[in-house]
Amino acid sequence: MAAMFSQNPLMNGPNYSISDAPKEDAPEGARQHRFDPYTDNGGSTLAIAGDDFAVLAGDTRLTSGYSINSRHHPKLFKIGGTTADQKDATIVLSVVGFAADGEALKERLDTICKMYRYRHGKPMSVKACAQRLSTILYQKRFFPYYAHAILGGLDEEGKGAVYSYDPVGSYEREQCRAGGAAASLIMPFLDNQVNFKNQYTPNSGEGHALQERERRPLTRGEVEVLVKDAFDGAVERHIEVGDGLQIMVITQNGIEEVLLPLKKD
Amino acid sequence: MDHRPQAWGRPRDDVYGAYDASYLQTTGPKTATQAPVVTGTSVIAIKFKDGVVMAADNLASYGSLARFTDVKRLRPFLSTSIVGFGGDVSDMQFLDRHLNELAIDEAYEHDHAETPSPSDDSTTTTQPPRGQLNAANLHKYLSKLMYRRRSDFDPLWNQILVAGLDSASKPFLASVDLRGTTFSSPSLATGFGAMLAQPIMRRFAATEEDAAKLTREQAVDVVKECMKVLFYRDARSLDRYSLAVVTKDGVELREDEQLEKQSWAFAERIRGYGTQTV
């Protein structure tokens, strides 16, 4: 007990000024690793598929705890271009969660897509890339990449395609998906505004007879407004989201990228 | 003959006694640093018009004990880049040896690749020849190294700042930590500096554009001011520090700077800590 209050570092073990101070020892007998290989670097992403386009967006803040490490750390990456500048890429990957794993995941998928291009003389389809990404994630099933990945592109018919993943590789093609710190704030908004959930045609019936509002594909202009509104809302209510908004729009003519300011507080 | 294949080729128990199983490997991965022991505190750095300024004090602490007061935590690499280490000092020394080896290999590689003609003796500039590792390359190398080590559950317990120029000869400043997380910003600080120095530096270089307007003198002044604030408030810091400026002309490193113009007048007004009651 006396050692608890002692100022002697030899008895207490050293004290640390850096943030990754070791935690208390595990209960007696149980030896466990004190090093935690994961952290959460905050941030949020979202993706919406349109009729002939797909939009991906992510904020550019990188946090650890209450600190902002960087105000410009992009979460969206062009994948599988011929060269390092990715000028002729047709697929976009967004990763959010643990930044180091996200970076590692992006680099692996990119090299695999590049190898595919060199071997087959054509770029990988989004469908194939999506399946491959799932395999990459599942290969690390027992030491996962701690990241929420969303893949976007155009499918074989030229329709917008968005695939979303969990950290161990379960995936699904969807109309829209939000990921990361503010996913729980953005996703219900998208359900309502993209898939018209909980919207009914007025005076169309009583109770269960009430007609749902008919779904229609959104235009590019509508989607871009939704993306900005979603992030403005998330910035207001989540401390790990902010600084900059990176948007990529994938169309038949390639990938357009814009960077917009978000609140920096 | 023993019919059990498990026993073939092994020392016979009836001759040598039972095998002492404690010599067998215990389960679990091989690990080195499970916790930092001797540590360095903050490293701070800020970009300016044509380079980067970095600073770190010369103290290595053992817990709250100021154990070594003359430890150089800024290391130059190939006279093109500066690497600043926060966190465990033994891991820093391991990395320093590793980087020295890399620098020597690189220098040999480069001499072979580009044999200068005898008449060409005017190349006395300290600027690195093209093809040599620049700060961006070095940062990528270190980030892969750190990420690999964390994935092996054998982390190097450091946060590292790398400063220099990138392949386009623009100022480059980026960080990598013990988990392999990398990021870059006009100004960076590790440890306590992230709380105390970073807000001050961001006043002068909030964006890349702001940083591109700073002169060398301004950047050095900001960094010196930050080192002072850190010494005022960080109990694991020292008033002797190293200051490095890296530009296209190479690295200027001074390893025995002394904090100037300290004023402890503010301490009079501090209330609420310690034993005083009024």
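Some points to look at:
- Unmet criterion (only one of (1) within 14 Å of another protein chain (Cβ to nearest Cβ); (2) closer than 15 Å to A:Val126 by Cα) for A:Leu56: (1)
- Which numbered condition B:Pro76 misses (of (1) open to solvent by 50 Å² or more (accessible area, probe 1.4 Å); (2) at pLDDT 95 or above; (3) at the interface with chain A (Cβ under 10 Å from one of its Cβ atoms)): (3)
- Pairs where the first residue, in the range B:46-63, is of a type in the set (Phe, Trp, Tyr) and the second is open to solvent by 10 Å² or more (accessible area, probe 1.4 Å) and in a strand (DSSP E or B), C-beta under 6 Å, 6+ apart: B:Tyr62/B:Val38
- Contact annotation: residue pairs with Cβ atoms under 9 Å, 6 or more positions apart or on different chains, pairing a residue in the range A:217-234 that is without any contact (Cβ under 8 Å) to a residue 40 or more places away in the chain with a partner that is basic (Lys, Arg), are A:Asp232/A:Lys263.
- Neighbours by Cβ (under 7 Å, 6+ apart or cross-chain): first from the range A:131-146, away from chain B (no Cβ under 13 Å); second open to solvent by less than 70 Å² (accessible area, probe 1.4 Å) and among the β-branched types (Val, Ile, Thr): A:Arg132/A:Ile112; A:Leu137/A:Val168; A:Tyr138/A:Val168; A:Arg141/A:Val168
- Residue that is surrounded by the most Cβ atoms within 10 Å (Cβ to Cβ), among those in the range A:33-46 that are more than 10 Å from chain B (Cβ to nearest Cβ) and in a loop (DSSP other than H, G, I, E, B): A:Gly43
- Taken over the range B:164-184, the residue count meeting the criterion of being more than 10 Å from chain A (Cβ to nearest Cβ) and over 25 Å from B:Tyr108 (Cβ atoms) is 4.
- Residues that are open to solvent by 50 Å² or more (accessible area, probe 1.4 Å) and acidic (Asp, Glu) within the range B:190-237 comprise B:Glu208, B:Glu209, B:Asp210, B:Glu217, B:Asp221, B:Glu225, listed in sequence order.
- Candidate set from the range B:240-261 (those that are surrounded by 15 or more Cβ atoms within 10 Å (Cβ to Cβ) and over 19 Å from the mean Cα position of the chain (by Cα)); member that is nearest to B:Ala60 (Cα to Cα): B:Leu259
- Residue count, the range B:41-73 (criterion: open to solvent by less than 10 Å² (accessible area, probe 1.4 Å) and either under 25 Å from B:Pro199 (Cβ atoms) or not in a strand (DSSP E or B) (or both)): 19
- Any hit, the range B:206-228, residues being closer than 21 Å to B:Gln262 by Cβ, at the interface with another protein chain (Cβ under 9 Å from one of its Cβ atoms) and part of a helix (DSSP H, G or I): no
- Residue-level check: of (1) modelled with pLDDT under 95; (2) open to solvent by 40 Å² or more (accessible area, probe 1.4 Å), B:Asp154 misses just (2).
- The set of residues in the range B:81-98 that are within 14 Å of chain A (Cβ to nearest Cβ) and either under 25 Å from B:Ser169 (Cβ atoms) or outside any helix (DSSP H, G or I) (or both) comprises B:Gly84, B:Phe85, B:Gly86, B:Gly87, B:Asp88.
The values are calculated or read from the model by the stated rules, or taken from the named source; none is laboratory data. What you see is a predicted model; the values in this text were computed from it and never measured. Positions of Cβ are generated from backbone atoms using ideal geometry, with glycine treated the same way; all protein chains shown enter the neighbour counts. To get the accessible areas, we keep the full protein, side chains included, count just its heavy atoms, and leave off ligands, DNA and RNA. Shrake-Rupley method; radii C 1.70, N 1.55, O 1.52, S 1.80 Å.
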